[in-house]
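Quick notes on the structure that follows.
The values are calculated or read from the model by the stated rules, or taken from the named source; none is laboratory data. This is a predicted model, so every value here is computed, not measured. Cβ: placed from backbone, ideal geometry, glycine included. Neighbour counts: every protein chain shown. Quick note on the areas: whole protein, heavy atoms, side chains included, nothing else; ligands and nucleic acids left out. Shrake-Rupley method; radii C 1.70, N 1.55, O 1.52, S 1.80 Å.
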Amino acid sequence: MKVLVTGGAGFIGSAVIRALLSGRIARVVNLDKLTYAATPEAIEHWAEDAGYAFEQIDICDGPALRAAFADHRPDAVMHLAAESHVDRSIDDAGDFIQTNVVGTYRLLETATAYWRELEGEAAARFRFHHISTDEVYGALGAEGHFTEETPYQPNSPYSASKAASDHLVRAWNRTYGLPAVTSNCSNNYGPYQFPEKLIPLMIINALEEKPLPVYGKGENVRDWLHVEDHARALVTVLTEGRIGETYNVGGDSEERNIDVVGRICDLVDELRPRADGTSRRDLITFVADRPGHDLRYAVDSSKLRAALGWKPRETFESGLKSTVAWYLEHEAWWRGILERRYKGERLGLANPKKAG
Ligand code: NAD
Ligand code: DAU
């Protein structure tokens, strides 16, 4: 099998590529624009592998997409390319609409035209796997979980753009018969996550003795999933998922943000103690809330577990500990990003007065 992975230089896409290649599950074509968020170092090890090819392409570029499909003739597409950071979508939604909505449309058009030309077994085998987020379902109160039947109620420009892309994929399946499957996942963490996201930002700031900015009161809850557990789930959905279905993927690890940040302080203290032995919890600083901040996410992944037999291997405790250790060991990687691409500044407050 040859899989065309869009966004394969990103945090999750690179974990998927490592899973596909190290497990000898498929050959890979990585199609990525290489935006600010790309981390090609995460797949450096595989760059010369005979089963790996790279194309620097914007998914909004129809002719370039058609050429890539014609040249590589994939058996499946895993679509992860996206603008992924909620705070940036609040500052400026333009790139989110372009990549997540228009880019998904161009990719669907290209994949559908390509699939229609396939014959027999090749046409029957073809899959389009769209990777999306639990944020399309909106926010939960204190109780309940998102299931595949939960109505869509996106609240941020990011989640609205992902909801739009989910609807496009559904329509291309229902209208044109494209053999598509979608998965909606909770918050990922693990190696090579860009330091704009909560967990890597807090690890790095704690190491650097900088303030740890917790939005609002820190009571918002996320359901944390280790990126390698997600990558295994995605491979399972690609190879065994039913056409036209959606599958939720969650870690069963609900945590309040303030508790996540507290745990990170304790882990950094354990692995790199301060000279005076005090706790880094004194760096925690409550800051203005994110506009439209969803209170709680919790994902019911029982469909994926029961139908396809997937379950996470990491607990949040084991996964967070190895993630903190990984960032300590990969200082050169994140220092390069801090120097050239993102210095850790607050994002997502561009229009605070407009927010409800
Ligand atoms: P990321 O921001 O780390 O990586 C995105 C990748 O897509 C980058 O390599 C970037 O260069 C590429 N890209 C962006 N625009 C592109 C374009 N126009 N053309 C081609 N490539 C482009 O994102 P991630 O965290 O790895 O997320 C991957 C996917 O998973 C996204 O679709 C996201 O919505 C979804 N998702 C993420 C999470 C999470 O917690 N990170 C959870 C659920 C779902
Ligand atoms: O739920 C899946 C989604 O998870 C994905 O679709 C997104 O691509 C991914 O970015 C993530 O979105 P979140 O907004 O939940 O992730 P983020 O890491 O930005 O924030 C996690 C929580 O931490 C959220 O409640 C906001 C809060 N936060 C975040 C940052 C960066 C802080 O309190 N302080 C911070 O500095």
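The table below lists the values:
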| item | result |
| --- | --- |
| Cβ pairs under 9 Å, 6+ apart, first in the range 115-129 and farther than 15 Å from residue 177 by Cβ and in contact (Cβ under 8 Å) with a residue 12 or more places away in the chain, second of a type in the set (Gly, Ala, Ser) and in a loop (DSSP other than H, G, I, E, B) | 129/241 |
| Subset of the range 1-50 (residues that are open to solvent by 10 Å² or more (accessible area, probe 1.4 Å), touching a Phe, Trp or Tyr at 6+ places or on another chain (Cβ under 8 Å) and of a type in the set (S, T, N, Q)) | none |
| Among (1) open to solvent by 50 Å² or more (accessible area, probe 1.4 Å); (2) of a type in the set (Asp, Glu); (3) within 12 Å of ligand 2 (Cβ to nearest atom) - the single one residue 135 does not satisfy | (1) |
| The range 77-89 - residue that is open to solvent by less than 30 Å² (accessible area, probe 1.4 Å) and not in a loop (DSSP other than H, G, I, E, B) and, of those, farthest from residue 292 (Cα to Cα) | 77 |
| Selection within the range 130-185 - more than 27 Å from residue 256 (Cβ to Cβ), in contact with a strand residue (DSSP E or B) (Cβ under 8 Å, 6 or more places away or on another chain) and polar (S, T, N, Q) | 165, 173, 182 |
| Pairs where the first residue, in the range 325-339, is within 19 Å of residue 36 (Cα to Cα) and open to solvent by less than 30 Å² (accessible area, probe 1.4 Å) and the second is of a type in the set (Ser, Thr, Tyr) and part of a helix (DSSP H, G or I), C-beta under 7 Å, 6+ apart | 334/327 |
| Residue satisfying condition, being within 16 Å of ligand 1 (Cβ to nearest atom), open to solvent by less than 20 Å² (accessible area, probe 1.4 Å) and closer than 24 Å to residue 346 by Cα, within set 229, 223 | 223 |
